[in-house]
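Here's the structure we're looking at; comments come further down.
The values are calculated or read from the model by the stated rules, or taken from the named source; none is laboratory data. Quick caveat: nothing in here was measured; it's all calculated off a predicted structure. Methodologically, a virtual Cβ is constructed for each residue, glycine included, from the backbone with ideal geometry; neighbour enumeration extends over all protein chains shown. Protein only, heavy atoms only, side chains kept; ligands, DNA and RNA dropped before computing areas. Shrake-Rupley method; radii C 1.70, N 1.55, O 1.52, S 1.80 Å.
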Amino acid sequence: MTFDLQQLVAFNAIVSSGSLGRAADTLNITQPALSRTIRRLEEQAGAPLFERHSKGMQLTDVGRALQPHALLLQRESEHASENIKAMLGLAKGTIRVGAVGSIACLVLPLAIGRTCKKWPHLQVQIIEGVWDRLADALVSHEIDLALGVDTEDTGEIVAVKDCRWEDTSYVVAGRHHPLRKKQKLKLSDTLAERWAILPKGTGPFEHMKSVFARQNLALPNVVVETRSVMALKSLIGHSGFLGWMPAPMYDAERKAGLIDALDIPGASDKRILTAFRRRAGMLPGPSVKLLEELRAVTLVSQKHDRP
């Protein structure tokens, strides 16, 4: 079965918008024209792809089976067209990258700044999230590079072996937190304090948990769990909470005198970060340029990794 790209684009637009009318507006065509396009695709598939309801369009089982393939084919076509036009000087290339919060705060912006300075016609699309979100985005071609904590390769995702670096995470507090007055501070002294951290199951939470377990300590008093890095920094810097953060994540706040690591022996730990790509296919040219600058930035990134 050979699919028509125009039909797949129409199909994806309806899935994304949830209704025929909104999809038609997005594609700048009439609803009858869009209906005819989807009807031809359904005839080719040999089954209905949508169930029509008063509240919109819902995928059938056949439609759900087609959806990931339709999205992949559309994105592959867009990437191929963009790369060819960029080579011919007819369009700007686009870097599509995802990163965990600590990388998105410092290393990635530095690398993007260097890249865009050398290649001013490039555009950049960034998503920030935990690793599961980034891995899904990489597999679905939403992004071409994912930057996160080193982990095992899979059948679909592999690490870029020559683009990896280290950072160190610390117990952090506002500059005026009462614990800063305590002499010979120990990790156990933080147990009863209020903590704010990324949720259970995320890399930073499990990293913090392992540091406490290494000293045979129970988990501290985690009062706030949030995926918002901005909220975490505000709670730590202004509301007396403790947190667990890699140094690059609070670099700006450290320089501004708002947040810094507590001087606690054994209360820090290193981790390895790396870039990931899809195992199959070529890495788009714009992402290759970003990788080059990531390698350069991470050579000097350790100067930011200090308490």
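Among the residues of segment 1-50, those that are touching a Gly at 6+ places or on another chain (Cβ under 7 Å) and surrounded by 18 or more Cβ atoms within 10 Å (Cβ to Cβ) comprise Leu49, Phe50. The residues of segment 1-27 include none that are at pLDDT 90 or above and not in a helix (DSSP H, G or I).
Taken over segment 145-176, the criterion of being out of contact with any helix residue (DSSP H, G or I) (no Cβ under 6 Å at 6 or more places or on another chain) and among the charged types (D, E, K, R) is satisfied by Asp150, Glu152, Asp153, Lys161, Asp162, Arg164, Glu166, Arg175.
Screening Lys184 with (1) under 24 Å from Leu108 (Cα atoms); (2) among the charged types (D, E, K, R); (3) open to solvent by 20 Å² or more (accessible area, probe 1.4 Å) gives one miss only, at (1).
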